[in-house]
1. Enumerate the pairs (first residue in the range 230-259 and within 23 Å of Y209 (Cβ to Cβ); second residue anywhere and hydroxyl-bearing (S, T, Y) and assigned to a helix (DSSP H, G or I)) with beta-carbon separation below 7 Å, excluding pairs fewer than 6 apart on the same chain, so at least 6 apart or on different chains.
2. I'd like to know if the range 370-385 contains one or more residues that are modelled with pLDDT under 50, surrounded by 16 or more Cβ atoms within 10 Å (Cβ to Cβ) and β-branched (V, I, T).
3. Confirm whether F190 is in a loop (DSSP other than H, G, I, E, B), among the aromatic types (F, W, Y), more than 23 Å from the chain's Cα centre (by Cα) and more than 27 Å from G356 (Cα to Cα).
4. Sort out which residues of the range 158-187 are of a type outside the set (S, T, Y) and touching a residue at least 60 places away in the same chain (Cβ under 8 Å), and write them in order of number.
5. If a residue has to be part of a strand (DSSP E or B) and either surrounded by 20 or more Cβ atoms within 10 Å (Cβ to Cβ) or at pLDDT below 95 (or both) to count, how many in the range 322-336 make the cut?
6. Identify, please: which residue in the range 337-351 is out of contact with any Lys or Arg (no Cβ under 8 Å at 6 or more places or on another chain) and assigned to a strand (DSSP E or B) and is, among those, surrounded by the fewest Cβ atoms within 10 Å (Cβ to Cβ)?
7. State whether one or more residues within the range 206-217 are surrounded by fewer than 18 Cβ atoms within 10 Å (Cβ to Cβ), at pLDDT below 90 and not aromatic (F, W, Y).
Amino acid sequence: MSYEHPNTSLTPRAAAASEQITQRKQRKRKVEPRQDEPRHAKRRVEDTLKDKKTQDSWKTIRSTVENIQCARLSVSTGVQILRLRRKLSSQSVRQTVEGEAPKDEDFDFLVLDDTDCYDDDTGHLLFKFRKRAIYPHNIALAKSIFSDIDEKMKDSKTRGSAAGKFVDKSKFADKKIERIEASQSKGKGFIVKNGKRLRNPVSNPVKSYKSGMYFDRFKQQNLDWGFSKLFPDEWKRSMPFFSNIAEKFESILPGIFKKMKMRRITTAPEAQISPSVPLSTVSINVNFATAYHQDRGDFKSGFSTLTVVKLGEIEGGHLVFPEYKIAIKVDEGDLLLNQSHRLWHGNTPIVQGPNGGKRISFVTYLKHALERAGEMEAYNTGVKTTASTIEKIHVETDMQQMDTEVPLTEVLQVSNPKEPFLMRSVVNIGKRGWI
C-alpha cells in the first residue's frame with residue numbers, strides 16, 4: 001500500500017518514518033485510558049484483552065468500579081496500582097473506632113494480589129504488597145524457631161489500644177486483682193491489688209512478643225530485649241529469615257531502604273537485626289487480631305514490614321485500613337510494606353480450624369528512640385552526631401520522591417482471572433488529605 005504524506009517537502013524515507021511514528025501513537029491511544037474519558041478508556045482497555053477469561057474477569061471489575069482512575073494494573077510489572085481517597089480522617093478514627101475490633105463492614109475492597117496503593121489527593125504511597133515474597137526454606141526456618149514462642153514467653157500487657165478499648169479483669173490470670181481502674185488513654189488501666197493501685201498502667205494480655213533492640217531510658221543505651229535476649233542462639237539462627245525480608249524490602253523500596261540503613265548506621269550502628277537489615281526491632285504476634293491502633297516509636301520517614309507464617313488450619317486476620325476502607329489478605333510468605341505509625345490499622349478475627357492452628361505475624365521496623373543512645377555518646381565524647389545531616393544528604397529519597405517511582409497512568413489488566421479482587425462497592429471514596 002502506497003503512502004502519500006500531506007507534506008510534499010518530505011522525502012519518501014522521512015514520510016515513511018513519520019507514518020510509523022503516527023501509527024505508534026495511534027496504537028498507544030488505544031491502550032492508555034484518558035483521564036477525562038473513563039468510560040471510553042474502559043472500552044479501549046477491554047479491546048486489548050484477548051484472552052476470554054481475562055475479559056470476563058475485567059467485565060466483573062468494570063461492573064463494580066465506576067472510575068478507571070481508582071484501580072489500574074501495570075502491564076510491564078503485573079502490579080496493581082490503586083489510587084484511593086480517604087473516607088475517614090485520622091481524628092475521626094481516633095474518636096470513633098480506636099481500640100475496637102475490625103469488622104467486614106469496615107472495608108469495601110480486599111487486596112489479594114501484588115498491589116501499590118497511593119493517596120489519590122496527595123500522591124503519597126500508602127503501602128506496597130507482594131505475594132510469595134519470602135522463600136519457602138526461610139518460612140520453614142521461621143516455623144521451626146518461633147512455633148512455640150507463645151509457650152516460652154509471657155504474654156504482653158503493654159500493647160495499648162491494639163489489645164482492646166477497655167481492660168478486662170477476666171483476661172488476667174492473677175486472681176488477686178480486685179479491679180481495673182480506667183486510664184485516660186484508651187486500652188490502658190491500673191490494676192488494684194490489696195486496696196492499692198499499681199503505678200504503671202497495663203493493657204489486656206495478648207500473645208505479642210518483642211525481639212531485637214530498644215532504648216533503655218534509665219541506662220541510656222540500646223539493649224536487646226524479649227526473645228533475642230532470652231534465646232540469643234535461636235535468634236541468631238533466624239537471621240536468614242529476616243535477611244530475606246530485608247532483601248525484598250530493598251528491591252521494592254530501594255530509596256527508603258537506603259535512607260533507613262544510613263539512619264541506623266549513623267545514629268545506632270549496634271542496633272540491628274543483622275548487618276544487612278536496616279531494621280532494629282521485631283514484634284512477633286501469635287493469633288493476635290489487633291484492634292484499631294497506630295504503632296508508636298517508629299522512624300518517622302521509614303516503613304515497617306509485615307509477613308506471616310501459618311501452622312495448622314487458620315483463617316482470617318486480614319489487615320484493615322479504616323481511613324481508606326481497604327483490607328489486605330496477608331497469607332504465608334507474603335510481604336507488606338507500609339507506614340503503620342501513620343495509618344490506623346487492625347485485624348479481622350482469626351479463626352482456627354477443628355484441629356487448631358497458629359498465625360504468627362512478624363512486624364519489623366526501625367525504632368526512632370535508638371538514636372538517643374548515639375546522642376548521649378556524642379554528648380559524653382564531644383563527637384557530634386550526623387543524624388541531621390543524613391536527612392539533607394538523602395533528601396532525594398524522601399517519601400514524595402519515592403511515591404512517584406511507579407507511573408500512575410498504566411493500563412488495568414487482570415493478573416489472576418479467576419479471583420483478581422473481592423469488591424463490595426466502588427473504591428472511589430471521600431476526599432481527605434494526608435495526615
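1. Correct list of pairs: W235/S228.
2. Within the range 370-385, one or more residues are modelled with pLDDT under 50, surrounded by 16 or more Cβ atoms within 10 Å (Cβ to Cβ) and β-branched (V, I, T).
3. So F190 does not fit the description; no.
4. Within the range 158-187, R159, G160, A162, A163, G164, K165, F166, K186, G187 qualify.
5. Of the residues in that region, 5 qualify.
6. Out of the qualifying residues, it is V351.
7. Within the range 206-217 (the criterion being surrounded by fewer than 18 Cβ atoms within 10 Å (Cβ to Cβ), at pLDDT below 90 and not aromatic (F, W, Y)), the answer is yes, since at least one residue qualifies.
Listed here are the residues, each with its yes/no results for (1) at positive phi; (2) among the hydroxyl-bearing types (S, T, Y).
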{"position": "G99", "(1), (2)": "yes, no"}
{"position": "F107", "(1), (2)": "no, no"}
{"position": "D120", "(1), (2)": "no, no"}
{"position": "Y135", "(1), (2)": "no, yes"}
{"position": "A142", "(1), (2)": "no, no"}
{"position": "D150", "(1), (2)": "no, no"}
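The values are calculated or read from the model by the stated rules, or taken from the named source; none is laboratory data. Because the structure is a prediction, the values reported are computed rather than measured. Every residue, glycine among them, receives a Cβ derived from its backbone with ideal geometry; neighbour counts consider all protein chains shown.
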